Amino acid sequence: MYVAVKGGERAIDNAHRLLAEDRRGDPAVPELDLKQIEQQLALAVDRVMAEGSLYDRELAALAIKQARGDLLEAIFLLRAYRTTLPRLAVSEPLNTAAMAINRRISAAFKDLPGGQVLGPTFDYTHRLLDFTWAEPHGADTGTDAATGKTLPQAMPRVLQLLDGEGLIEPPRADAPTRPVADLTREAMTLPAERDLRLQNLARGDEGFLLALGYSTQRGYGNTHPFAGEIRMGEVAVEIVPEELGFAVEIGEITVTECEMINQFQGSAEHLPQFTRGYGLTFGQGERKAMAMALVDRALRARELGETPSSPAQDEEFVLYHSDNVEASGFVQHLKLPHYVDFQAELELLRRLRANASDPSPDADPNDHGPKP
Amino acid sequence: MGLLAKSSVADLEAAWQGLSEPPSYDFLRAPETGLAQVRARAGGTGLRFNLGEMTMTRCVVRLRDGTSGYAYVAGRNRRHAELAAALDALLQDPAHRDHLQATVLQPLVEKLQVLRQRRAAKVAATQVDFFTLARGE
């Protein structure tokens with residue numbers, strides 16, 4: 001229970017002014033502009049868009065600047081902003097097979113049609129601090145565009161290679177009339193179907209999903225994953241405006257997609273075959289997409305007739321704790337005035353201690369109900 | 001329409017200013033910024049789900065002769081939507097279409113193509129052939 005507190009307006013104003021001053025930092029140092037954040041802190045922008053669940057690079061850059069680089073705070077700002085805008089359209093499903101590839105790898109197949117394309121990756125870097133970046137770098141990074149190699153027009157999905165032999169579960173057919181769950185419109189209910197779970201995971205906290213995915217690898221609901229395919233690049237977004245009745249492209253967004261191939265022992269009804277876990281995220285977010293795919297697969301336990309035994313397989317646990325805006329809000333609400341609660345607890349504790357040293361018949365030591 | 005949506009507002013502005021006589025128009029729907037819910041499919045081909053939202057701006061204009069032009073563009077740039085709608089309206093007119101196709105759309109297509117190819121060449125240079133080493137045989 002919270003009590004209204006009065007007063008403090010002046011202190012609050014001053015606190016905000018101090019925040020603004022600290023946000024700006026030493027005025028002798030040039031101020032960041034949004035383009036710099038957008039371009040040079042692009043992966044921070046990507047994370048804020050993904051978990052803020054709003055694709056707009058400039059807004060994400062603004063949020064990062066306003067939040068002084070606190071990405072969770074920036075995500076909160078973006079989420080709050082989105083509530084001020086009307087929804088104008090729902091897109092056609094993205095066709096990630098037609099992606100303009102920036103990166104595409106498979107850890108399951110060495111020689112895959114279309115080839116392994118490393119793209120702009122941290123992999124194979126030595127993770128040694130490179131002090132040349134302490135100085136301005138200029139524009140020329142010596143990117144080699146003259147190898148004569150070209151990317152094929154189409155990059156087939158790696159998992160389709162297994163499809164032909166029936167070695168992997170086929171993707172579930174989707175009736176075009178099936179309503180698609182939307183947790184921004186209706187409160188989440190359990191049990192959650194996979195569409196609702198994927199939406200929840202797509203905006204879920206990367207750290208939380210990473211830890212859960214990791215837990216599955218360490219044996220808490222192991223699904224023996226292989227990174228079947230990871231691809232990152234630009235995809236077209238199309239909408240079908242009511243007044244036109246045909247699809248128009250509104251632009252392109254960058255997404256990262258991960259398809260995990262997982263073992264499945266088989267059951268009385270099904271022969272053993274590989275199963276799928278899927279991860280998709282706004283921007284360049286490979287770690288997030290991989291973690292999401294691991295958790296997606298773990299959460300399919302019920303559907304695949306596995307006995308859920310681990311946190312990553314517990315949909316209530318995962319889905320109700322994945323959102324960092326909610327989590328941050330509830331943890332941080334502890335800062336709000338709990339003076340009355342605390343006074344009550346204090347009183348109770350004094351009484352219990354007094355009773356313990358001097359028991360009297362009218363004291364009830366069980367009278368300490370939970371706080372609201 | 002997709003091409004106008006993907007082109008930069010600066011390019012559209014230049015194209016509009018470059019018209020010999022830019023027509024006047026009214027708004028049937030003034031530029032309005034909102035959200036599009038972006039859908040995807042599990043596994044790329046399966047169950048549809050909502051991935052997240054993106055900003056978009058729409059606009060509908062009407063030329064003096066009654067022709068309407070529509071625009072739906074990613075982002076929050078109202079001027080982008082307005083110019084795209086105005087050009088879309090002009091493109092409805094058979095008298096202008098071929099000329100605009102050659103003078104406005106084709107250069108935009110080429111510009112986007114050049115950007116895409118330049119990027120694709122750099123990406124293609126990171127294509128790799130992994131060799132596996134047989135062990136213990």
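The values are calculated or read from the model by the stated rules, or taken from the named source; none is laboratory data. Fair warning: this is a prediction, and the values are worked out from it, not measured in the lab. We place every Cβ from the backbone using ideal geometry, glycine too, and count neighbours over all the protein chains shown. Ligands, DNA and RNA are stripped out before the accessible areas are found, and what is left, the full protein with its side chains, is counted by its heavy atoms. Shrake-Rupley method; radii C 1.70, N 1.55, O 1.52, S 1.80 Å.
Please compare each pair in A:35/B:122; A:110/A:288; A:149/B:111; A:110/B:111; A:35/B:6; A:288/A:335 to a cut-off of 25 Å on the Cα-Cα distance and tell me which ones are over it. A:110/B:111; A:288/A:335, as the Cα separations exceed 25 Å there.
Inside 10 Å of the C-beta atoms of A:192-199, what's the mean count of C-beta atoms belonging to other chains? Display every interim value, and only then the final one.
Values: counts 0, 2, 4, 9, 2, 2, 8, 7.
Whole-number average of other-chain Cβ neighbours for A:192-199 is 4.
Spacing of the modelled spin labels on residue A:175 and residue A:357, each 7 Å from Cα toward Cβ, amounts to 7.2 nm.
When ligands, DNA and RNA are left out and all protein chains stay put, how many square angstrom of accessible area per residue does region B:2-121 have with a 1.4 Å probe? Could you put the intermediate results ahead of the total?
Values: 5250 Å² over 120 residues.
I get 44 Å² per residue for this part.
Choose one answer from A:189, A:177, A:275: the residue with the largest mean-square fluctuation in a GNM of chain A with alpha-carbon springs under 10 Å. Sorting by GNM fluctuation, first place goes to A:177. Summing charges over all other residues whose Cβ lies under 13 Å from the Cβ of residue A:288, with Lys and Arg as +1 and Asp and Glu as -1, gives -4. Chains A and B together bury some 5700 Å² of accessible area, summed over both sides, with a 1.4 Å probe.
Please compute the average number of Cβ atoms from other chains found within 10 Å of each residue's Cβ in peptide A:239-250. Mean shielding count: 5.
The phi torsions of region B:74-80, fed into the Karplus equation with coefficients 6.51, -1.76 and 1.60 and a -60° offset, translate into couplings of 5, x, 10, 7, 5, 5, 4 Hz, rounded to whole numbers, with Gly and Pro shown as x. The portion of the accessible surface of region B:23-126 made up by carbon and sulfur, rounded to a whole percent, is 49 (1.4 Å probe; DNA, RNA and ligands excluded). Which one, B:121, B:36, B:71, has the greatest fluctuation when you compute a Gaussian network model over chain B with C-alpha springs under 10 angstrom? Highest fluctuation of the listed residues: B:121. Taking only the C-alpha atoms of region A:62-201, the Rg (one decimal) and the largest Cα-Cα distance, Dmax (whole number), read 21.4, 56 Å. Any chance you could check the Cα centroid distance between region B:58-79 and region B:86-112 for me, in angstrom? One Cα centre to the other: 15 Å.
How large is Rg/Rh for region B:2-121, to two decimals, with Cα atoms and a Kirkwood Rh? It would help to have the intermediate numbers written out before the result.
On the way: Rg = 16.3 Å, Rh = 15.6 Å.
When Rh is taken as the Kirkwood radius, the ratio is 1.04.
For region A:1-152, the convex hull drawn through the C-alpha positions has a volume of 252 cubic angstrom per residue. Only alpha carbons enter this Debye calculation for the protein assembly as shown, each as an equal point scatterer, and the log10 of I(q)/I(0) it gives at q = 0.10, 0.11, 0.13 Å⁻¹ is -0.94, -1.09, -1.37. Taking amide H as placed 1.01 Å from N in the peptide plane, the amide H of residue A:91 sits under 5 Å from that of B:37, B:38, B:39, each at least 5 places away or on another chain. Summary of the geometry: region A:70-97 and region A:265-296, compared by the centres of their Cα atoms, lie 24 Å apart. How charged is the neighbourhood of residue B:38? Take every other residue with its Cβ under 15 Å from the Cβ of residue B:38, and add Lys/Arg as +1 and Asp/Glu as -1. Net of charged neighbours comes to -4. For region B:2-121, averaging the sequence separation of C-alpha pairs within contact (under 8 Å, six or more residues apart) and dividing by the residue count gives a relative contact order of 25 percent. Averaged over the residues of peptide B:114-124, the number of Cβ atoms from other protein chains lying within 10 Å of each residue's Cβ is 6. P(r) tail, region A:11-96: Cα-Cα pairs separated by more than 15 Å, 63% of all pairs. Helices in chain A, meaning DSSP H runs of at least 4 residues, each add -39500 (n - 2.57). Divided by all residues, the mean residue ellipticity at 222 nm is -10500 deg cm²/dmol.
Could you check how much of the accessible area of region A:147-292 is carbon and sulfur, as a whole percent, using a 1.4 Å probe? Intermediate values should be presented prior to the final figure.
Numbers: 3570 of 6710 Å².
Result for region A:147-292: 53 percent of the exposed heavy-atom area is carbon or sulfur.
Derived scalar couplings between HN and Hα for region A:331-344 equal 5, 6, 5, 4, 6, 5, x, 10, 4, 5, 3, 5, 4, 5 Hz in order, rounded to whole Hz, by the Karplus curve 6.51 cos²θ - 1.76 cosθ + 1.60 (θ = phi - 60°), x for Gly and Pro. Would you look at the GNM of chain B, springs on alpha carbons closer than 10 Å, and say which of B:114, B:104, B:60 moves the most? Of B:114, B:104, B:60, the most mobile in the Gaussian network model is B:114.
So, counting K/R as plus one and D/E as minus one, what does the shell of residues with Cβ under 11 Å around residue A:19 add up to? Once positives and negatives cancel, what remains is +1.
When only C-alpha pairs under 8 Å and at least 6 residues apart count, what is the relative contact order of chain A, in percent?
Relative contact order comes out at 18 percent.
The spread of Cα positions in region A:208-340, taken along each principal axis and listed from longest to shortest, comes to 61, 49, 27 Å.
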